[in-house]
Amino acid sequence: MDDKKNPVYSNTDTSKVVLRDDEWQKILPKDIYHIAREKGTEKPWSSKFENFSEIGTYYCAVCGNPLFKSDTKFESGCGWPSFYQPISKGSIIYVPDTTHGMKRTEVMCGRCKSHLGHVFDDGPPPTGLRYCINGVVLDFEKAKEAEKKYEQGKGDKKQEN
């Protein structure tokens, strides 16, 4: 996310973000705005995070709020990135959703109240939950330690050659 265009984006600020729809439209790309603010859904298996296995943290692409650690991500076969546990209780808001003739639980960002996806009770242990999240509304930052080890490993290989 371009921090200059989106003044509320921060991976460290925990203050709640409240903007009008016209303000969100000015700072968010159209695809993110559609999912996050209009409760849209991306096409299944279209997310760059669907078959993604880097080690790090997933953030809300709207405001930068930390949402999930990569070690809670799993392959559910549903077509969207899936996680079994959020980073913290406050990182996610749960809202009953009865649209489309279904009874589901919508999950929203705990900081900016953007639509992320839904949570279902068919996930793996230890929670039994499956957070089915639209990848469009996720940002990812690789774990610093993992990146450091990778870079050190590359250096060691160069010295061996």
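The values are calculated or read from the model by the stated rules, or taken from the named source; none is laboratory data. Everything numeric in this text was worked out from a predicted model, so none of it was measured. Please note: Cβ atoms are built from the backbone with ideal geometry, for glycine as well, and neighbour counts cover all protein chains shown.
Assorted remarks:
- Applying the condition of being free of Cβ contacts under 8 Å to residues at least 60 places away in the same chain and out of contact with any helix residue (DSSP H, G or I) (no Cβ under 8 Å at 6 or more places or on another chain) to the range 100-112 and asking which residue is surrounded by the most Cβ atoms within 10 Å (Cβ to Cβ) yields Val107.
- Residues of the range 77-86 satisfying the condition of being in contact with a Cys (Cβ under 6 Å, 6 or more places away or on another chain) and in a strand (DSSP E or B): Ser82
- Test: Val95 is within 13 Å of the chain's Cα centre (by Cα), of a type outside the set (D, E, K, R) and closer than 13 Å to Lys39 by Cβ: no
- Residues (free of Cβ contacts under 8 Å to residues at least 12 places away in the same chain and among the aromatic types (Phe, Trp, Tyr)) located in the range 28-80: Tyr33
- Residue count for the range 87-114 satisfying the condition of being modelled with pLDDT of 95 or more, of a type in the set (Val, Ile, Thr) and in a loop (DSSP other than H, G, I, E, B): 1.
- If you go through the range 56-84 and pick out every residue that is surrounded by fewer than 16 Cβ atoms within 10 Å (Cβ to Cβ) and modelled with pLDDT of 95 or more, you end up with 2.
- Breaking point among (1) over 17 Å from Trp80 (Cβ atoms); (2) out of contact with any Asp or Glu (no Cβ under 9 Å at 6 or more places or on another chain), for Gly56: (2)
- Positions within the range 45-74 being more than 16 Å from His118 (Cα to Cα), in a loop (DSSP other than H, G, I, E, B) and of a type in the set (Asp, Glu), in sequence order: Glu54
- Summed over the range 7-38, the residues that are modelled with pLDDT of 95 or more, touching a strand residue (DSSP E or B) at 6+ places or on another chain (Cβ under 9 Å) and surrounded by fewer than 18 Cβ atoms within 10 Å (Cβ to Cβ) give a count of 1.
- Among residues of the range 22-67, those that are of a type in the set (Asp, Glu) and out of contact with any helix residue (DSSP H, G or I) (no Cβ under 7 Å at 6 or more places or on another chain), counted: 3
- Test for Gly117: is it at pLDDT 95 or above and farther than 20 Å from Trp45 by Cα: no
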